[in-house]
Ligand SMILES: [Mn+2]
């Protein structure tokens, strides 16, 4: 049995200010193209099954454009009769159930299995004389619910293959956190050898965790921490042994240059080093970050950032990030980090004794969601 595993396509994501010829944010278009290339690969190679491990969309209420791209591409799979199982990730799952999940729009498509009811579901399929049971766990309302659902998993011995499909940060071996406020944690013991394959989503770097468990990674670079990693999808052969192959897809180059230590440099030296660096990178159409580390405040004030930005203006995005010297940085980060507004509100409510807490929770979260959606609109 041949499977293509992909994850974290984040349709609808946009960043920076460059727009394409149609006036659409360039990074938004890049994200659509990355997803489309993976579907191109699937249509060309016709695997028996495609698994999407969550964060198909970047947000709870994707734009019409993001929805259109998703439907167009998923329909290609449906027409080819390639089953597509997709779970809702932390990005598209609404905090309030009554908001409704965008995945309901896929429910009427042939061979498409959108899993978004905040609970464990099994999808039994018969593919080319072989049976497979997909154990799918989408994002849940809270960590307790998630854990309860994880504990409900039971492998079906009468099936040829059992596959686990789950979205979250595996804990216990290494850090796979994305540091997002609503991420779920998967205890490492969940990655049982009883599964023929475990398709993970959430962590954006392609990673082999163990013989039968993989993060496919995101299909585009969504932050500079991912700059060095290849993007694409994963091809899995199940048989007597598991064979895997990462299928890299072309994406826009993202370059996070090694930080330049400015602690003992003069302004003119910094300028020349940055200039050489930019020339070596060849900025055209790339996404670039240059970090100026240990930059003393008086040097910082003297740097002509406008002139530096001129040198990188052919890039899709070019940023120069000054990082103050250690002591100055410590003073600047004294404030503890805030969680999301919705989470802060819930923590606040917990500490209160109002009788109407459930009502206040619902109303408050509604208002916060509404305001956040309005702020997102360009
Ligand atoms: Mn993600």
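Descriptive notes on the structure:
- Degrees between helix 26-45 axis and first principal axis of the chain (Cα, 0 to 90, nearest 10): 40 degrees
- In percent, rounded to a whole number, the relative contact order of the chain is 13, using alpha-carbon pairs under 8 Å and six or more apart.
- Cα-Cα pairs of the chain separated by more than 41 Å (percent): 21 percent
- Taken over region 1-54, the alpha-carbon convex hull comes to 68 cubic angstrom per residue.
- Relative contact order, percent, region 259-331 [alpha-carbon distance under 8 Å, six or more residues apart]: 41 percent
- Per-residue Cβ neighbour rank within 10 angstrom, fewest leading, 289, 37, 27, 370: 370, 289, 37, 27
- Fewest neighbouring Cβ atoms within 10 Å first, the residues 375, 183, 282 line up as 375, 282, 183.
- Residue with peak Gaussian network fluctuation, the chain [Cα springs, cutoff 10 Å], from 22, 279, 139: 22
- Computed from the Cα positions only, the extents of region 65-191 along the three principal axes stand at 41, 40, 27 Å, in decreasing order.
- Length, then width, then depth: along the principal axes, the Cα atoms of region 259-331 run 36, 23, 18 Å.
- Highest mobility in the GNM of the chain, judged by mean-square fluctuation with C-alpha springs under 10 Å and restricted to 222, 295, 363, is found for 363.
- For region 97-164, the relative contact order comes to 27 percent (Cα pairs under 8 Å, sequence separation of at least 6).
- Ordering 262, 233 from the fewest to the most neighbouring beta carbons within 10 Å gives 262, 233.
- Candidates 239, 12, 111, ranked by Gaussian network fluctuation over the chain, Cα under 10 Å, top entry: 239
- Taking the longest Cα principal axis of the chain as reference, the axis of helix 357-376 is set at about 60 degrees.
- Summed over qualifying helices (DSSP H, 4 residues or more, each -39500 (n - 2.57)) and divided by its residue number, the chain shows a 222 nm mean residue ellipticity of -9000 deg cm²/dmol.
- For the chain, the longest principal axis of the alpha carbon atoms and the long axis of helix 267-281 meet at an angle near 40°.
Read-outs throughout are calculated quantities, based only on the coordinates presented, and are distinct from any laboratory measurement. Given the structure is predicted, the values throughout are model-derived calculations rather than measurements. We place every Cβ from the backbone using ideal geometry, glycine too, and count neighbours over all the protein chains shown.
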